[in-house]
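**Q** To start, I am sharing the structure in question, which I have written as structure tokens.
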Amino acid sequence: MKTISVIKNWMSLATSDEQELLAHRCGTSRGYLYQLSGGHRQASADLGAAIERETKAMAKASRGRLPIVYRTDIVSACRACEFAQKCLGERALISEFPIVEISTLEVES
């Protein structure tokens, strides 16, 4: 089954200005965020923490339209960290969502 990561979901929901703002606040580029969202790169622990911090603020500012990207979603070392698992509980697991094809959805009339 194909899945979509939280960061990829975040990038698809965010406007280009929001993507630029996240990149600026995290000290990276929009292009690098795309590399992360495509699974071509993995964030450092510091970048993962910055993305978590800034996406929390942006989720609040967007009234929940934008999801929070936890560091454990994009940094495997954080996902394996005992401290992160204690602090985040179930959220310490990587979040992925199934890609649903329109043809598989049932339309109610």
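The values are calculated or read from the model by the stated rules, or taken from the named source; none is laboratory data. Small disclaimer: the values here were computed from a predicted structure and weren't measured. FYI the Cβ positions are ideal-geometry reconstructions off the backbone, even for glycines, and counts take in every protein chain you see. Just so you know, the surface numbers come from the protein's heavy atoms only, side chains and all, with ligands and any DNA or RNA stripped out. Shrake-Rupley method; radii C 1.70, N 1.55, O 1.52, S 1.80 Å.
**Q** Once the principal axes of the Cα atoms of segment 1-87 are found, what is the range along each, listed largest first in whole angstroms?
**A** 35, 29, 27
**Q** Taking all protein chains as present, what is the carbon and sulfur share of the accessible area of segment 1-64, in % to the nearest whole number, probe 1.4 Å? Present the calculation step by step, with values, prior to reporting the outcome.
**A** Numbers: 1790 of 3720 Å².
So the carbon and sulfur contribution to the accessible surface is 48 percent.
**Q** Next question, about the same structure. Per residue, how much accessible area does segment 1-55 have with a 1.4 Å probe, in Å²? All intermediate terms of the calculation are to be shown ahead of the outcome.
**A** Numbers: 3000 Å² over 55 residues.
Each residue of segment 1-55 exposes 55 Å² on average to a 1.4 Å probe.
**Q** Which cross-chain or sequence-distant (5 or more) residues have an amide H under 5 Å from the amide H of Ile4, H modelled 1.01 Å from N in plane?
**A** Correct list: Phe97, Ile99.
**Q** Okay, next question. Hey, if we sort His24, His40 by accessible area with the 1.4 Å probe, largest down, what's the order?
**A** Working: His24 145, His40 120 Å².
The most accessible residue leads, giving His24, His40.
**Q** Taking loop as defined by DSSP and a crowding limit of 13 other beta carbons within 10 Å, which trypsin sites (Lys or Arg not before Pro) in segment 1-68 fit? Don't skip to the end; give the middle numbers.
**A** Details: sites: Lys2, Lys8, Arg25, Arg30, Arg41, Arg53, Lys56, Lys60, Arg63, Arg65; in loops: Lys2, Arg41, Arg63, Arg65.
Passing both the DSSP loop test and the Cβ count: Lys2, Arg63, Arg65.
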